[in-house]
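What follows is a set of notes on a single structure, which appears directly below.
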Amino acid sequence: MDLRILAQNVRRLRTGQSLTQQALADAAGLSLPAIKNLEGAKTEPRMRTVQAIAQALQAELQDLFTPVRELKTVRFRSNKKMRNRENLMADISRKLEDFEYLETVLNDRIPFRLKKIRGQCSRQNPIRAAVLCRKALDLREREPIHDICGLLEHAGIKVFPVGIASEGFFGLSIGEEDGGPAIAVNVYERISVERRIFSAAHELGHLMLHREAYDITLTQENKEEEQEASIFASHFLMPDAGFQNEWNEAAGLHWVERVLKVKRIFHVSYKTVLMRLVDHEDADQSIWKDFPLAYKRRFGSGLTFKEEPEAYDPNEPDRLHKFDFYEDRFSRLTRRAIEEDKISISRGAEILRIRIEEMQDLLNDWRMVL
């Protein structure tokens, strides 16, 4: 039993849940000195003590004994302080290790397809960078992106959905040096699917434009970098040629419905469409207040007004479904590893972070159809 690792993990999980040492002691049915001694790595606890703490923290025993690899090449900014930042990074670190393990045992590693053009992508011209990336990924000039997760995974980028109840965190990205490139996107239920898709493209923009910014010790947002990544994301998801074509095709519709049709085609927020109209000088800044009013007159319901990309909008009209942003390579590799006897069923449950009973049900579901 490594007391130092155990102490670090208990302290990390406790503080991530905003529990005091006394609160953890009460929840686990232990004394305060017992928790203090454990977190100070002073004495080796009995296994039943550790089990009680794991239950109180709603964690698996392995979560308390497994060392967490420290990630260094991470671009993680949040416009609000996050108390569970350390827990989030630990969870992503372990997922990265599991992902790399599956790729190794299955000999199924996808090279980073955009690496060769990174030198041509400049933060001074994020629109050109978006065009270069689309071309490298074999996307046609006007083509919408229907499956952003699948596209990124096919490009050799690992995608991790994470559920963090935070209005200030949308996503982060990790460099190749730490097992990436990888992108984590917040799929908290109050964040629209459009926002999740935009966040994934936004983080791709950082990967291509801001290599020097990948330092876990940096926590403050750089507004210029954020703006550049947002411009990249807008043009990556909705290329100008495609936007202009679809906008002109919908010319006979009410202008609100015209916006909604274009947004739906490209899987973006209606605000991304409004921003593009302003950029093209097809509308002026008054469109930001005019659209919610016109929408309410047209459909009888209101919209909250928050400009993208700084905030989400849970009232996104004609919202996409959660399956429009759905990562599946990680679970697919896990299934292959189990079916090819590379890993055990219990190891599969551990990788997917589910109970063994849930793993058995999932196995039965897999066998329903080929």
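None of the figures in this text is laboratory data; all of them are computed from the coordinates on show. In this text, all values refer to a predicted model and were calculated from it rather than measured experimentally. Cβ coordinates were reconstructed from backbone atoms using ideal geometry, including for glycine residues, and neighbour counts include every protein chain displayed.
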**Q.** Nearest 10 degrees, 0 to 90: helix 329-339 Cα axis against the chain principal axis
**A.** 50
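Pop the C-beta distance of HIS321 and TRP366 into the FRET formula with R0 = 30 Å and round what comes out to the nearest 0.05.
For R0 = 30 Å, the calculated efficiency reads 0.85.
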(Q) What is the distance in Å between the Cα centroid of region 165-189 and that of region 314-350? (A) 16
Q.
If I model the chain as equal point scatterers sitting on the Cα atoms and use the Debye formula, what is log10 I(q)/I(0) at q = 0.09 Å⁻¹?
A. -0.60
**Q.** the chain: angle of helix 193-209 to the longest principal axis, Cα-based, in degrees nearest 10
**A.** 90
(Q) Between region 249-305 and region 83-130, how far is it from one alpha carbon centroid to the other, in angstrom? (A) 34
Q) Taking the alpha-carbon set of region 212-370, what are its Rg and Dmax in Å? A) 21.9, 61
(Q) Compute, for region 329-368, the length of the dipole vector about the Cα centre, with Cβ point charges of +1 (Lys, Arg) and -1 (Asp, Glu) only. Units Debye, rounded to 20. (A) 240
Q. Could you give the length gained on full extension between GLN124 and ASN37, defined as 0.36 nm per residue of separation minus the Cα-Cα distance, in nm?
A. 26.0 nm
Q. Extension gain LEU106-ILE356, at 0.36 nm per residue separation less the Cα-Cα distance, in nm?
A. 87.8 nm
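Given charges of +1 on the Cβ of Lys and Arg and -1 on the Cβ of Asp and Glu, with all other atoms neutral, how large is the dipole of the chain about its Cα centre, in debye to the nearest 20? Before the final figure, lay out the partial values.
Numbers: 57 positive and 59 negative charges, 104 e Å.
With Lys and Arg at +1 and Asp and Glu at -1, about 500 debye.
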Q. Distance in nm between label sites at ARG46 and GLN58, each 7 Å beyond Cα in the beta-carbon direction?
A. 2.8
Q: For region 329-368, take the alpha-carbon Rg, divide it by the Kirkwood Rh, and send me Rg/Rh.
A: 0.91
**Q.** Student exercise, region 99-166 dipole from Lys, Arg, Asp, Glu Cβ charges, in Debye to nearest 20
**A.** 500
**Q.** Angle in degrees between helix 287-299 and the longest Cα principal axis of the chain, rounded to the nearest 10
**A.** 90
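Ranking GLU203, GLU143, GLU316 by Cβ neighbours within 10 Å, fewest first, what do you get?
If I rank by nearby Cβ atoms, fewest first, I get GLU143, GLU316, GLU203.
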Q. GLY156: net charge of surrounding residues, Cβ under 9 Å, Lys/Arg +1, Asp/Glu -1, itself excluded?
A. +3
**Q.** Efficiency of FRET from Cβ geometry, ARG69 and GLN227, R₀ 30 Å, rounded to 0.05
**A.** 0.40
